[in-house]
Every structure is written in structure tokens, then in C-alpha cells.
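**Student:** Handing you this structure, nothing more for now.
Just so it is clear, none of the values below were taken in a lab; they were calculated from the coordinates. Because the structure is a prediction, the values reported are computed rather than measured. Here the Cβ positions follow ideal geometry from the backbone for every residue, glycine too, while neighbour counts run over all protein chains shown.
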Amino acid sequence: MPLTSSRNPSLYQINTRVWLRSLSERYGHPITLAQVPDEEFERFASLGFEWIWLLGVWRTGDLGRRIARELPELRRVYFETLPDYQEADICSSPFAITAYSVNPDLGGDHGLALFRERLQERGLQLLLDFIPNHTARDHPWLTLHPDYYVQGSDDQLLGQPFNYDRTPNGDRVIAYGRDPYFHGWSDTFQLNYGNPQLQPAMQEELIKIADLCDGVRCDMAMLILPEVFKNTWGIEMQPFWPEAIARIRKLYTDFTFIAEVYWDLEWTLQGQGFDYTYDKRLYDRLHEQEARPVREHLLAELEFQSHSVRFLENHDEPRASVSFPAQVHQAAALITYLTPGLRFFHQGQLQGYQARIPMQLCRAPKEYQDPQIAKLYAQLLELLQLPILQDGNWQLLECLPAWQSNWTWDNYVAFSWHDNEDRYFLVVVNYSPHQSQCYVRLSLGDLAGKQVQFQDKMSEAEYIRRGDDLQQIGLYLNMPAWGTHVFEVRMT
């Protein structure tokens with residue numbers, strides 16, 4: 001089956017080590033990437049995903065594993081998540097890598113190649129990690145190219161032991177990888193992009209990865225923007241991303257770059273060549289549980305929104321079923337996944353799981369599906385396979401007071417999808433804890449003399465309204481707290 005991509009594709013993130021352990025337990029024998037059962041691939045395809053992100057396939061080292069097992073603060077988190085954990089359940093962080101080759105325990109590069117072939121047979125694409133900011137502390141470059149790293153001094157080691165340490169052989173002090181707002185990640189060492197020899201070396205690492213997959217998710221991609229790098233380390237550097245992305249695309253024309261990015265630097269990275277950038281702002285505003293900041297965020301240029309990654313959870317964030325109460329969850333999900341961009345779902349999200357798995361654990365606790373959450377995502381994923389919601393045209397709609405002094409119109413978020421064949425979907429959400437009323441201005445053209453049918457695709461609700469009324473004053477809505485509608489609209 002040829003690989004295709006819609007304008008608004010869906011992605012499913014898998015914690016590879018946890019997933020393969022779970023499959024092995026379910027089937028009663030060890031399973032690597034080369035041996036994943038067919039039904040798993042069929043499930044990915046049936047749910048409408050176009051991308052599968054395998055998180056954490058790369059080689060990690062003994063030092064990273066030792067640090068993960070020794071840190072008291074991590075051990076407390078392991079116990080809270082998995083009270084019966086054993087030492088064998090603790091792995092190195094997948095972001096402290098020693099090589100961009102697949103861990104042999106997961107099936108090696110050959111196992112990954114077989115896995116990718118089976119995705120391709122079903123029209124699915126493979127996403128892998130690229131960690132540009134740092135490496136594991138026992139990466140071979142520490143011996144072969146120690147100058148690739150940000151150097152420290154004995155005084156810095158003494159004054160900032162949370163940001164510096166000695167190399168394994170003790171001959172140098174090197175900075176931990178970090179962002180400027182937190183202490184360093186003690187299982188990593190910071191790469192020095194001020195060294196002109198490093199950038200070509202990192203491009204070569206990207207080329208290795210690009211030969212194994214269809215796209216990369218670039219961890220903390222903004223950390224190696226020149227202005228951010230200088231602010232963090234006081235070191236000048238040349239831009240990395242434009243040249244690196246251009247070099248990969250000369251070899252692999254359709255290769256996809258996704259940036260994990262924060263601090264309002266999303267547009268900057270889109271301008272440097274990224275296909276998609278994380279939309280943490282929408283996620284944060286949905287957490288605030290107020291409609292106006294959400295609506296204002298959706299006023300951004302469509303070009304920007306179409307290249308945004310929409311999500312309700314990922315491996316860094318709490319579970320959506322914990323962060324969002326049940327009623328709020330559905331409202332937030334419809335806003336998140338029915339707006340344009342890349343729709344990003346996380347392993348366990350579809351079942352309503354509540355345990356956030358620390359990245360150093362390779363086994364998850366036993367959890368049970370939440371029927372209400374499972375129904376929500378089953379309906380939502382079925383909707384997202386409709387061509388109009390993949391390749392149609394999106395528009396934010398105006399909401400107006402239902403009557404003078406009624407302020408509750410401000411609680412609404414409303415938008416539409418339409419295509420070139422006059423199909424029309426209307427999404428309305430009362431994103432508030434109050435019963436609310438408003439009129440929504442529809443973009444349906446001339447409605448004079450017509451009857452307009454509104455059929456909710458998430459429930460059995462159905463309404464018929466006079467086109468003359470809709471054209472004159474809009475669609476009247478009176479919805480309960482956190483109420484939602486996804487209307488398919490037909491005119492007769």
C-alpha cells in the first residue's frame with residue numbers, strides 16, 4: 001500500500017520498551033520489534049493513524065541505567081507508579097543515548113526494518129527520536145571527541161554540582177545537558193554547538209536515523225537555536241536546523257521533522273524548516289478551563305495552526321484522564337483534535353489510563369479501561385477518518401450574545417469544516433462550568449427558503465432549523481456546562 005498523508009494526519013506515540021514488555025507478557029514469550037503480532041498493526045490502521053512514533057528504541061548505556069537506579073528521587077517515583085517494581089524494571093532514560101542504532105533487546109536495526117515494512121504495507125509511517133542537545137555520559141564521543149561537549153572547570157563543579165561532573169575517566173569537567181530554567185539532566189552531557197566540527201557530525205547522525213524511518217521528533221528542539229544556546233551557555237553558534245533539514249531533504253524528499261518546542265518559539269522553528277511544532281499553548285489554555293483564551297489562540301494564522309501538533313497528553317505531561325475531569329475531557333478533546341494540525345495521541349490515552357510512566361521504567365502497572373473515555377475516543381477516531389476532517393477547510397466562527405446582558409456567549413468555542421462538495425461540519429463547545437447561550441454565525445452561503453438539518457455525530461441529537469432564521473441571526477445554542485456538539489449539516 002503506498003504511503004499517503006492527509007493535511008491533518010493522526011499520530012500514535014508508543015513507549016517501545018513498555019509496549020514490548022506488555023506484549024511479551026500477553027503472548028507468553030519474548031517479543032521484539034521483529035515479532036509484533038499482526039493484530040497490532042491492523043489495530044493501528046483501523047484506528048486511522050498515519051504515523052506511529054516508537055519512543056525509546058536507541059541504544060543506552062550502563063552509566064545511564066546505574067544513575068536511573070540510584071537516584072532516590074527517581075526511586076520514589078518508581079514506587080508510586082509501580083509499587084512492585086524490581087531492579088530489572090529500571091532502564092536508562094531513552095534520552096540518554098550512546099548510539100543511534102536500535103537496542104538489541106528490542107530487535108536491533110533489523111527488527112526495526114521489519115517493523116517498518118509491516119507499517120508500510122498498511123500505509124503507515126514511522127517516527128523516531130532525535131536528541132540534538134546532549135548524549136549519554138558514556139557516549140563514545142566522550143573518548144573520541146571530548147571537545148564536542150561544553151567544558152566546565154573545577155570551580156564550576158564545586159559551585160554547581162547539579163550542572164557539572166567529570167568524564168568517566170576523570171580527566172575533564174563537562175556540563176550536564178539542560179535547559180536554562182532547570183538544573184541539568186545528570187545522566188547526560190551537553191553538546192557544544194559552538195564547535196564548528198560538531199554540526200556536521202550531528203548531521204551525519206540525522207542521516208543515520210533518516211535511513212531507518214520516515215520522520216523524526218526532535219527533542220527540545222529550541223535548545224539549539226543560537227539565541228537560546230547563547231543565553232544558556234554564553235557560547236555563539238551558527239544556526240543548525242536550516243542546513244541540517246535541507247541536507248536530509250536532499251536525500252529523502254518527503255522526510256518529516258517534528259519539533260518539541262516551547263517559549264513561543266514555534267513559529268521560529270516552522271520558519272527554519274520544521275513540518276510541525278508542539279502546540280503547548282493550546283494545551284495550557286485548555287487546562288485553564290476558560291473559553292476566551294482558547295478562542296483567541298485559535299485566531300492565529302491558519303498556516304501556523306496547520307503545522308501545529310495538537311495533544312492532550314504525552315510522555316512528559318500528566319494523563320489526560322487525570323488532568324481533565326470526565327465532562328471537561330470530552331470538551332477539551334473535541335477542541336484539540338478537531339482543529340487543524342497533526343493530531344497526537346499517546347499510548348494508554350485511548351483507554352483512559354491514569355498512571356504516567358517514568359521514562360526510566362520499562363514496565364507499566366496493570367490498569368483497566370475507562371468505558372466512558374474509551375467510547376469518547378472510539379467515536380472521535382472514527383470521525384477523524386472522514387475526508388472532510390482530514391483535508392477539508394477549517395474556519396473559526398463568531399459567537400454573539402443570545403440577548404442583551406447575557407455574557408455566557410463568551411463561554412463558547414465554535415468552528416466549521418467544509419469541502420468542495422458542499423459538505424459541512426459544525427463543532428460547538430460550551431467550554432465552561434455554566435449553562436450558556438449564544439448565537440453562532442454560520443458560513444453556509446444563501447439559506448433563504450431552505451431547511452437545515454443538524455445531526456450530532458457524537459450522540460443521537462438531531463435538529464431542523466429554518467434557513468431564513470439562520471441567515472438573519474445565526475444558530476441559537478443553549479448548552480449545559482461543558483456541552484458539545486459535532487454536527488453534520490445538511491440543507492434541503
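**Student:** By how many degrees, 0 to 90 and rounded to 10, does the Cα axis of helix 198-210 deviate from the longest principal axis of the chain?
**Tutor:** 60 degrees
**Student:** Another question, if that's okay. How charged is the neighbourhood of ARG423? Take every other residue with its Cβ under 14 Å from the Cβ of ARG423, and add Lys/Arg as +1 and Asp/Glu as -1. Present the calculation step by step, with values, prior to reporting the outcome.
**Tutor:** On the way: positive: LYS457, ARG490; negative: ASP391, ASP419, GLU421, ASP422, GLU488.
Computed value for this residue: -3.
**Student:** Another question about this same structure. Under the definition of Cα pairs under 8 Å and six or more residues apart, what whole-number percent is the relative contact order of the chain?
**Tutor:** About 13 percent, as a whole number.
**Student:** Ok, one more. Would you mind classifying the range 28-152 by shape? Square roots of the alpha carbon gyration tensor eigenvalues, ordered a ≥ b ≥ c; an a/c under 1.5 is rounded, otherwise it is prolate if a/b is larger than b/c and oblate if not.
**Tutor:** oblate
**Student:** Could I have the simple spin-label model distance between GLN385 and GLU290, label points 7 Å from Cα toward Cβ, reported in nm to one decimal?
**Tutor:** 4.0 nm
**Student:** Run the numbers for GLN35 and ASP154: contour at 0.36 nm per residue of separation, minus the present Cα-Cα distance, in nm.
**Tutor:** Extending this stretch completely gives an extra 37.9 nm.
**Student:** Using a/c under 1.5 as the rounded threshold, could you call the range 42-114 rounded, prolate or oblate? The axes a ≥ b ≥ c are square roots of the C-alpha gyration tensor eigenvalues, and prolate needs a/b larger than b/c, oblate otherwise.
**Tutor:** Oblate is the answer for the range 42-114, as a/c is 1.5 or above yet b/c matches or exceeds a/b.
**Student:** Given only helices, namely DSSP H runs of n ≥ 4 each adding -39500 (n - 2.57), what is the per-residue ellipticity at 222 nm of the chain, to the nearest 500 deg cm²/dmol?
**Tutor:** -9000 deg cm²/dmol
**Student:** For the chain, build the charge dipole from Cβ charges (+1 Lys, Arg; -1 Asp, Glu) around the Cα centre, then report which of SER321, THR256, LEU298 sits farthest towards its positive end.
**Tutor:** Highest projection toward the positive end goes to SER321.
**Student:** Still on this structure, please answer the following. What FRET efficiency do you get for GLN197 and GLU303 if R0 is 35 Å and r is their Cβ-Cβ distance, rounded to the nearest 0.05? Please report the intermediate quantities before stating the final value.
**Tutor:** Details: r = 36 Å, r/R0 = 1.03.
The computed FRET efficiency comes out at 0.45.
**Student:** Sort the following peptides by mean Cβ neighbour count (other Cβ atoms within 10 Å, averaged over residues), highest first: 365-371, 322-328.
**Tutor:** Result, highest mean first: 322-328, 365-371.
**Student:** Related question: Kindly put ASP187, ASP105 in sequence by how many other C-beta atoms sit within 10 Å of each C-beta, fewest to most.
**Tutor:** Values: ASP187 26, ASP105 14.
Ordered from fewest to most neighbouring Cβ atoms within 10 Å, ASP187, ASP105 come out as ASP105, ASP187.
**Student:** Rounded to the nearest 10 degrees, what's the angle between the helix 72-81 long axis and the longest principal axis of the chain, both from Cα atoms, 0 to 90?
**Tutor:** 40 degrees
**Student:** Follow-up. Counting Lys and Arg as +1 and Asp and Glu as -1, each charge on the Cβ, what is the dipole of the range 312-388 about the Cα centre in debye, to the nearest 20?
**Tutor:** Its charge dipole is roughly 140 debye.
**Student:** For a Förster distance of 25 Å, can you work out the FRET efficiency between the beta-carbons of THR143 and ARG66, rounded to the nearest 0.05? If you can, show how the numbers build up before the last one.
**Tutor:** Values: r = 18 Å, r/R0 = 0.73.
Computed FRET efficiency for THR143 and ARG66: 0.85.
**Student:** Continuing with this model, one more query. For the pair HIS110 and GLU462, how long in nm is the line joining their label points, each one 7 Å along Cα→Cβ?
**Tutor:** Distance between the two pseudo-spin positions: 5.8 nm.
**Student:** GLN395 to GLU42: extension gain in nm, 0.36 nm per residue of separation minus the Cα-Cα distance?
**Tutor:** Fully extending the segment from GLN395 to GLU42 adds 123.7 nm.
**Student:** Amide H of GLU398: which non-local residues (sequence gap of 5 or more, or other chain) have their own amide H closer than 5 Å, using H built in the peptide plane?
**Tutor:** So GLU398 has HN proximity to ARG441.
**Student:** Report the Cα centroid-to-centroid distance between the range 69-112 and the range 385-418 in angstrom, as an integer.
**Tutor:** Rounded to whole Å, the Cα centres lie 44 Å apart.
**Student:** Looking at the chain, what % of its DSSP beta bridges pair antiparallel, to the nearest 5?
**Tutor:** Details: 47 of 74 bridges.
Of those bridges, close to 65 percent are antiparallel.
**Student:** Which net charge results for the neighbourhood of PRO226, defined as the other residues with beta-carbon distances under 14 angstrom from its beta-carbon, given Lys and Arg at +1 and Asp and Glu at -1?
**Tutor:** Neighbour charge sum, excluding PRO226 itself: -2.
**Student:** Contact order normalised by length for the range 287-372, with contacts defined as Cα pairs under 8 Å and 6 or more residues apart; what percent is it?
**Tutor:** 32 percent
**Student:** Next question, about the same structure. Apply 1/(1 + (r/R0)^6) to the Cβ-Cβ distance of ALA355 and SER405, taking R0 = 35 Å, and write down the FRET efficiency to the nearest 0.05.
**Tutor:** The formula returns an efficiency of 0.15 here.
**Student:** Evaluate the Kirkwood expression for the hydrodynamic radius of the chain, namely the inverse of the mean inverse distance over all pairs of different C-alpha atoms, and round to one decimal in Å.
**Tutor:** 24.4 Å
**Student:** Enter the angle in degrees (range 0 to 90, nearest 10) between the Cα long axis of helix 371-383 and the first principal axis of the Cα atoms of the chain, meaning the one along which they spread out most.
**Tutor:** 80 degrees
**Student:** With +1 on each Lys and Arg Cβ and -1 on each Asp and Glu Cβ, and nothing else charged, work out how big the dipole of the range 263-408 is about its Cα centre, in Debye to the nearest 20.
**Tutor:** Using only the charged Cβ atoms, the result is roughly 520 debye.
**Student:** Remind me, relative contact order of the range 391-491 in percent, using alpha carbon pairs under 8 angstrom and six or more residues apart? Let's see the in-between values first.
**Tutor:** Numbers: 231 pairs, mean separation 30.8, N = 101.
It comes to 30 percent, rounded to a whole number.
**Student:** Quote the charge dipole size of the chain about the Cα centre in Debye, to the nearest 20; the model charges only the Cβ of Lys and Arg (+1) and of Asp and Glu (-1). Show your work: numbers first, answer last.
**Tutor:** Working: 43 positive and 65 negative charges, 88 e Å.
Charge dipole of the chain: 420 debye, to the nearest 20.
**Student:** Which residue, VAL413, GLN435, GLN272, has the largest displacement toward the positive end of the dipole of the chain when charges sit on each Cβ (Lys, Arg +1; Asp, Glu -1)?
**Tutor:** Most positive-ward Cα: GLN435.
**Student:** Ok, one more. Once you order the gyration tensor axes a ≥ b ≥ c over the Cα atoms, which shape class does the range 111-244 get: rounded for a/c under 1.5, otherwise prolate or oblate by comparing a/b with b/c?
**Tutor:** Cα axes put the range 111-244 in the prolate bin.
**Student:** Still on this structure, please answer the following. In the neighborhood of ASP446, defined by Cβ-to-Cβ distances under 13 Å, what is the net charge if each Lys or Arg adds +1 and each Asp or Glu adds -1?
**Tutor:** -1
**Student:** Multiply the residue separation of SER22 and GLN86 by 0.36 nm, subtract the distance between their alpha-carbon atoms, and state the gained length in nm to one decimal.
**Tutor:** Value of the extension gain: 21.5 nm.
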